[in-house]
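Below: the structure, in structure tokens.
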Amino acid sequence: MTTTLITGPTRGLGRAATLAMAGRPGAELLLLGRAGPALAAVAEQARARGARVHEIGCDLSRLADVRAAASAVREMLSSGKAAPLRALIANAGAMSPDTRTASADGYELTFAVNYLAHAQLIGDLLGSFATPARIVLLGSNTYHANIWRRMLSVPEADWRDPVDIARPATGDRPGMKASGVAYSNAKLAILYYAHELQRHAGPGVDVSVFEPGWMPGTSLSRDAPAAVRAVGRGLSRIPGVSTPERSGPLLASVALDEKWAGLRDGAFVLKDRVVEVKPVARDRDRERRLWEATAELLEKAA
Ligand SMILES: NC(=O)c1ccc[n+]([C@@H]2O[C@H](COP(=O)([O-])OP(=O)(O)OC[C@H]3O[C@@H](n4cnc5c(N)ncnc54)[C@H](OP(=O)(O)O)[C@@H]3O)[C@@H](O)[C@H]2O)c1
């Protein structure tokens, strides 16, 4: 038996991936999500499919919660309450509609939940993996110009120094475009982080990035204006557009299947094939700076 940890198992892609993993023989899952009925429900459904399941209540917008969750996981692993940790899927994501909104630690909410919380969690657990192990981060094609996503007010990233990106906006309420840029910046940060993380992870820990394809009907846009959500619902009927039910099992496969063994260096998997990222997503200076700035931001919140 080996254990997989997944964040954001309560809906959308994370829920579908969780249920896909739960049906596999010998599955043991650490479900890390906001405590409440949705977490309890997915845990129950996973158990009903035969998995051994541990629920870990954690709000990713509070770094103290993330540190406590990591410490609980370390304790479960060292005491043998959970089987050795072989995979971590950093799936949870959010798109805050107002970039003035701050996390509990004072960081812009989208950057805090998608990126900083996972950097804290992974940093705290890096020494706890049983190798060979896989870390799968969630990317998005919105990091570069993408006409389809722009239709949903998600423009490409506009990179700045990470300390600046982490600072909530001030003044009048910024529009949906700012919210989309914040999301794309967080996803570009994940790519830079994945490349740098591979340089710091010990031998046998492989880092990849999964892009599920466009799933316009999920709750990711739950706080967007009604008109944007209506466009999303309409677009979700276009053939070829993905859904959590289609992409969830693919994410589970990248984390667990022999087929993907050895995938590393932040390799970018679009649904079921590895694709090369655009040149903007490979930048040693930005990757180094992000690593250093992340340590500063996490330290300040400790
Ligand atoms: N939808 C797309 O087209 C698309 C495309 C590319 C990449 N992605 C990425 O795929 C991943 C899953 O997205 P999705 O579309 O499935 O979104 P979703 O349906 O909104 O699910 C997001 C998950 O993240 C969790 N989450 C959000 N904020 C949290 C917080 N503060 N603390 C703990 N958990 C939190 C949610 O938990 P709650 O139930 O508690 O809210 C939920 O389980 C994200 O990383 C997203 O960026 C999505």
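Restricting attention to segment 54-64, the residues that are within 10 Å of the ligand (Cβ to nearest atom) and either part of a strand (DSSP E or B) or modelled with pLDDT under 95 (or both) total 1. Checking the stated criteria, L137 turns out not to satisfy the condition of being at pLDDT below 95, within 13 Å of the ligand (Cβ to nearest atom) and not in a helix (DSSP H, G or I). Taking segment 5-38 as the range and being near the ligand (Cβ under 8 Å from one of its atoms) and part of a strand (DSSP E or B) as the test, the residues that pass are T7, L32, G33.
What do you reckon, is E287 under 20 Å from the mean Cα position of the chain (by Cα), free of Cβ contacts under 8 Å to residues at least 24 places away in the same chain and either near the ligand (Cβ under 10 Å from one of its atoms) or under 15 Å from L188 (Cα atoms) (or both)? No, not satisfied. Being out of contact with any Lys or Arg (no Cβ under 9 Å at 6 or more places or on another chain) and either over 28 Å from R86 (Cβ atoms) or among the small types (G, A, S) (or both) is the filter here; which residues of segment 113-143 pass it? Within segment 113-143, A119, G123 qualify. Could you please find all residues in segment 65-106 being part of a loop (DSSP other than H, G, I, E, B) and closer than 22 Å to A252 by Cβ? A82, A83, P84, N91, A92, G93, A94, listed by residue number. Of the residues that make up segment 126-134, is at least one buried (at least 24 other Cβ atoms within 10 Å of the Cβ) and of a type in the set (A, V, I, L, M)? No; the residues of segment 126-134 include none that is buried (at least 24 other Cβ atoms within 10 Å of the Cβ) and of a type in the set (A, V, I, L, M). Scanning segment 197-225 for residues that are part of a strand (DSSP E or B) and within 16 Å of the ligand (Cβ to nearest atom) yields V207, S208, V209, F210, E211.
From the list A41, A51, A83, A72, which residue is within 16 Å of the ligand (Cβ to nearest atom), surrounded by 14 or more Cβ atoms within 10 Å (Cβ to Cβ) and of a type outside the set (V, I, T)? The conditions single out A72.
Beta carbons closer than 8 Å, at least 6 apart along the sequence or on distinct chains, pair a first residue in segment 10-38 that is within 21 Å of P212 (Cα to Cα) with a second that is basic (K, R) and in a loop (DSSP other than H, G, I, E, B) for T10/R34; L19/R49; A22/R49; G23/R49. Looking across segment 53-79, the residues that are in contact with an Asp or Glu (Cβ under 9 Å, 6 or more places away or on another chain) and within 18 Å of L29 (Cβ to Cβ) come down to V53, H54, G57, C58, A69, A70, V73, R74.
Results for (1) surrounded by fewer than 21 Cβ atoms within 10 Å (Cβ to Cβ); (2) in contact with a Gly (Cβ under 7 Å, 6 or more places away or on another chain), shown as yes or no for each residue.
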| position | (1), (2) |
| --- | --- |
| I147 | yes, no |
| V154 | no, yes |
| A157 | no, no |
| G175 | yes, no |
| K187 | no, yes |
| L191 | no, yes |
| S208 | no, yes |
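Filtering segment 239-267 to residues that are over 25 Å from S179 (Cα atoms), of a type in the set (A, V, I, L, M, F, W, C) and assigned to a loop (DSSP other than H, G, I, E, B) leaves A261, L263.
The values are calculated or read from the model by the stated rules, or taken from the named source; none is laboratory data. Predicted model, so just to flag it, every value in this text is computed and none were measured. Every residue, glycine as well, gets a Cβ built from its backbone with ideal geometry; the counts of neighbours run over all protein chains shown.
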